[in-house]
Structures are given as structure tokens and as C-alpha cells.
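These notes concern the structure reproduced below.
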């Protein structure tokens with residue numbers, strides 16, 4: 001049996017219905033939502049054999065609280081499809097150079113959701129994070145990720161340093177972001193098997209994580225601020241990597 005969670009938001013629920021219908025038990029939809037997007041969700045759910053219940057908004061508020069649920073909530077049985085033991089087999093079966101995102105202790109669900117959304121858009125093969133002192137795949141994360149949480153493998157590991165060593169043994173070059181690095185993002189080669197490593201909000205990478213990186217890069221900062229939000233940094237780095245990797249294959 002999987003762990004049951006309530007997920008909410010149109011994109012998150014629709015992605016779950018489309019990609020993991022076996023894990024969606026029920027969908028609750030606000031009576032007032034009769035727009036085209038809501039009707040599409042109803043059609044997809046019924047096609048998959050998922051019960052759709054039309055309810056008052058107050059009932060949805062009671063289920064998930066005061067969050068912005070957009071009038072859509074679902075009961076989701078979160079199956080452990082991607083666990084720590086899945087990581088190396090996933091990497092080993094790739095037919096192209098590995099493209100990974102490693103997040104060292106991101107705790108804000110909005111930041112994690114945004115990172116997952118950008119990772120999906122950039123073609124990242126997996127997002128890796130520690131189990132302890134880090135955000136897991138919550139309903140808020142799924143909503144912010146807009147469907148990416150159902151598409152990009154999100155793998156939480158017990159010992160991040162040990163996982164990084166295992167990835168290095170598979171030939172993956174680990175590049176961390178650090179404000180004091182001598183080389184900047186645009187001077188780095190991100191075309192081979194890589195794992196981009198970003199630290200937590202404010203604190204950045206932990207010392208041990210930094211020591212396990214093969215190289216460190218900084219983001220050029222022209223203004224008065226000293227750092228960027230982790231999800232913004234992830235977007236900048238991932239799309240520079242995508243640009244380099246795309247130009248190599250074209």
C-alpha cells in the first residue's frame with residue numbers, strides 16, 4: 001500500500017490523472033468550475049475510471065485548508081516508484097550523457113516545485129536530494145511543479161556524499177555552484193555526463209557536498225545582490241547546460 005496524500009491545483013491533478021491514473025482514487029471538483037479545462041479533467045478522469053465528485057468550495061477548503069487549490073483536489077496514493085536504489089540503474093540505462101540536478105537541502109516547497117518544473121523543461125533525467133532536512137514531494141511541490149513532479153524522477157537519498165561518489169564512479173562530472181568560484185557558468189563545459197549541484201536557500205551547499213564536487217562555478221553578478229534564489233539559479237544553470245548540449249548535437 002502506498003501513502004495517501006491530497007494533491008491540488010489543476011495542473012498537478014491533471015498530470016497525475018494522465019500519467020499515474022492507478023494512483024488517483026478520487027477527484028473533487030468545485031461546482032462552479034465548468035470551464036473547458038475543468039471539463040477536460042473530468043473527461044480524462046472518467047476515461048480512467050476515476051470518480052469525480054462535484055462539491056462546494058467550502059468542502060475543498062476543509063480538505064486542504066486555505067491554499068490556492070483552484071477548485072480541484074485529488075486523493076493520490078503516492079507509490080515509491082523512484083527510490084534510492086533506482087538511481088544508478090536509471091543512469092546506467094541512459095542512451096545519452098546523463099543530465100542531473102542535485103539539490104542540497106532545499107526546504108521551501110515552492111522552490112523545489114519550481115526547480116522540478118525547470119528541470120523537466122530542460123530535459124533533466126533526475127533530480128536528487130537528501131532525505132533529511134530537505135523538502136519532500138508534497139502537495140504544494142506538485143502544484144508549483146505544474147505536472148513536472150509526475151514526469152521527472154525525484155530521488156531522495158540517505159547519504160548525499162555517498163551518492164555523489166557513486167555517480168562519479170559512473171563517469172558523471174559533478175559541478176557545484178559557489179559564489180567564490182574562480183570559473184563562472186559561461187566558462188564551463190556542461191556538455192558531457194553532468195550533475196549540477198545547488199545548495200539550500202541562504203546557506204548554499206554544505207561543506208561535505210562542496211568537497212565532493214569535481215568543479216565549482218559561479219553565476220556572474222553585475223548588480224548589488226550577492227546571490228539568487230535557488231530556483232532561479234537552477235533555471236540559469238540548467239538552460240546554459242541545455243544550450244551547450246543542444247549546440248553540440250545540432
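The values are calculated or read from the model by the stated rules, or taken from the named source; none is laboratory data. Everything quoted here is computed from the prediction, not taken from an experiment. A quick note on method: Cβ atoms are made from the backbone with ideal geometry, for glycine too, and the neighbour counts reach across all protein chains shown.
Here are a few things to note about the model shown:
- Residues located in region 61-77, provided they are touching a strand residue (DSSP E or B) at 6+ places or on another chain (Cβ under 9 Å) and closer than 18 Å to residue 144 by Cβ: 64, 67, 68, 69, 70, 71, 72, 73, 74, 76
- Scanning region 215-250 for residues that are more than 23 Å from the chain's Cα centre (by Cα) and in a loop (DSSP other than H, G, I, E, B) turns up 220, 221, 222, 223, 224, 225, 226, 250.
- Count of residues meeting criterion [under 30 Å from residue 200 (Cβ atoms), surrounded by fewer than 14 Cβ atoms within 10 Å (Cβ to Cβ) and either over 24 Å from the mean Cα position of the chain (by Cα) or modelled with pLDDT under 85 (or both)] in region 47-105: 7
- Members of region 169-186 found to be free of Cβ contacts under 8 Å to residues at least 40 places away in the same chain and assigned to a strand (DSSP E or B), listed by number: 183, 184
- Flag: residue 77 does not match the condition of being free of Cβ contacts under 8 Å to residues at least 40 places away in the same chain, within 19 Å of residue 142 (Cα to Cα) and not in a helix (DSSP H, G or I).
- Of the residues 112, 116, 103, the single one that is assigned to a strand (DSSP E or B), under 26 Å from residue 235 (Cβ atoms), touching a helix residue (DSSP H, G or I) at 6+ places or on another chain (Cβ under 8 Å) and in the same structural domain as residue 204 (by TED's automatic domain parsing) is 103.
- Screening residue 189 on (1) modelled with pLDDT of 90 or more; (2) part of a loop (DSSP other than H, G, I, E, B); (3) closer than 22 Å to residue 160 by Cβ shows it passes everything except condition (3).
- Out of 113, 9, one residue alone is under 21 Å from residue 125 (Cβ atoms), surrounded by 15 or more Cβ atoms within 10 Å (Cβ to Cβ) and under 18 Å from the mean Cα position of the chain (by Cα). It is 113.
- Residues in region 139-168 that are under 11 Å from the mean Cα position of the chain (by Cα), in a loop (DSSP other than H, G, I, E, B) and under 23 Å from residue 209 (Cβ atoms): 152, 153.
- Meets criteria (more than 12 Å from residue 181 (Cβ to Cβ) and assigned to a loop (DSSP other than H, G, I, E, B)) for residue 202: yes
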